[in-house]
Amino acid sequence: GAGVSQSPSNKVTEKGKDVELRCDPISGHTALYWYRQSLGQGLEFLIYFQGNSAPDKSGLPSDRFSAERTGGSVSTLTIQRTQQEDSAVYLCASSLEGDTYEQYFGPGTRLTVT
Amino acid sequence: KQEVTQIPAALSVPEGENLVLNCSFTDSAIYNLQWFRQDPGKGLTSLLLIQSSQREQTSGRLNASLDKSSGRSTLYIAASQPGDSATYLCAVRTGANNLFFGTGTRLTVIP
């Protein structure tokens, strides 16, 4: 079946602008995760959604970052007033509910802030 | 906080060789460990998932082992091929709602 999809694949924006990144998880996966991959930083967790529970936002680096998940499926990560240090690849993953299930990753969105 | 380390950071081997990638983690209270590969400019592809109660998992030419008490995992690749060239990442799942990733091993298999 279809995997995790993300859009856009690449996004170039000017410093100070807002951006929205989209993730479509695998159908039936109730858990959704956002990660960021920066040069020299590796992969870091941003936010986690599980069903109707309150999201775990513990990884968001600042209040300029927010995310929502509508109808338990599609998720949007929003970065307001982008800064150059926000340049990174943003990866989305989904899994079945529970700690033992593997996470499946999308291809990512490469964000460049000029 | 969980720290995940991968050694070596980069590895070059001639085609046909067997090789081992290493992953270590500081907190042994994990739910599972997952190995991924990442090709340049691409997302992550899951290779193997080992639950905390398991010792190893195999898929084709890949074999991953887990020694939870010592905080170590290895990924063994048999008869390496140029198509195996990629960055390999290990990640552990703890009680938190996310994976903790290592910084990866960049593998180059020379034809």
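The values are calculated or read from the model by the stated rules, or taken from the named source; none is laboratory data. Bear in mind the structure is a predicted one, so any value in this text is a computation, not a measurement. For neighbour counting, all protein chains shown are included, and Cβ atoms are generated from backbone atoms with ideal geometry for every residue, glycine included. Accessible surface areas use protein heavy atoms only, side chains included; no ligands, DNA or RNA. Shrake-Rupley method; radii C 1.70, N 1.55, O 1.52, S 1.80 Å.
Kindly provide the set of residues from the range A:44-65 that are among the aliphatic types (A, V, I, L, M) and at pLDDT 90 or above, ordered by number. Within the range A:44-65, A:Leu46, A:Ile47, A:Leu60 qualify.
Determine whether A:Asn10 is in contact (Cβ under 8 Å) with a residue 60 or more places away in the chain, of a type in the set (S, T, N, Q) and open to solvent by 50 Å² or more (accessible area, probe 1.4 Å). So A:Asn10 fits the description; yes. Identify, please: which residue in the range A:13-32 is modelled with pLDDT of 95 or more and open to solvent by 70 Å² or more (accessible area, probe 1.4 Å) and is, among those, nearest to the chain's Cα centre (by Cα)? Taking the candidates together, the pick is A:Arg22.
Residues checked against (1) touching a residue at least 24 places away in the same chain (Cβ under 8 Å); (2) more than 9 Å from every other protein chain (Cβ to nearest Cβ); (3) crowded, with 18+ Cβ neighbours inside 10 Å:
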| position | (1), (2), (3) |
| --- | --- |
| B:Arg61 | no, yes, no |
| B:Gln81 | yes, yes, no |
| B:Tyr88 | yes, yes, yes |
| B:Leu99 | yes, no, yes |
| B:Thr103 | yes, no, no |
| B:Val109 | yes, yes, yes |
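Checked against the criterion of being at pLDDT below 95 and under 14 Å from the mean Cα position of the chain (by Cα), the candidates B:Leu62, B:Leu49, B:Leu75 yield just one match: B:Leu49. Take the residues of the range A:95-113 that are at the interface with another protein chain (Cβ under 9 Å from one of its Cβ atoms) and of a type in the set (S, T, N, Q): which is surrounded by the most Cβ atoms within 10 Å (Cβ to Cβ)? Filtering first and then ranking leaves A:Gln103. Once the range B:38-59 is narrowed to residues that are surrounded by 19 or more Cβ atoms within 10 Å (Cβ to Cβ) and touching a residue at least 24 places away in the same chain (Cβ under 8 Å), the residue that is nearest to B:Thr103 (Cα to Cα) is B:Gln38. Just one of the listed residues (A:Tyr35, A:Tyr48) is within 11 Å of chain B (Cβ to nearest Cβ), within 10 Å of the chain's Cα centre (by Cα), within 22 Å of B:Lys42 (Cα to Cα) and without any contact (Cβ under 8 Å) to a residue 40 or more places away in the chain, namely A:Tyr48. For A:Arg81, the conditions (1) more than 10 Å from A:Ala31 (Cα to Cα); (2) touching a Phe, Trp or Tyr at 6+ places or on another chain (Cβ under 7 Å) are fulfilled apart from (2). If we scan the range A:74-85, do we find a residue that is touching a Leu at 6+ places or on another chain (Cβ under 9 Å), within 13 Å of chain B (Cβ to nearest Cβ) and open to solvent by less than 40 Å² (accessible area, probe 1.4 Å)? No, that holds for no residue.
Considering (1) within 24 Å of B:Gln38 (Cα to Cα); (2) aliphatic (A, V, I, L, M); (3) away from chain B (no Cβ under 11 Å), the lone condition that A:Ala67 does not fulfil carries the number (1).
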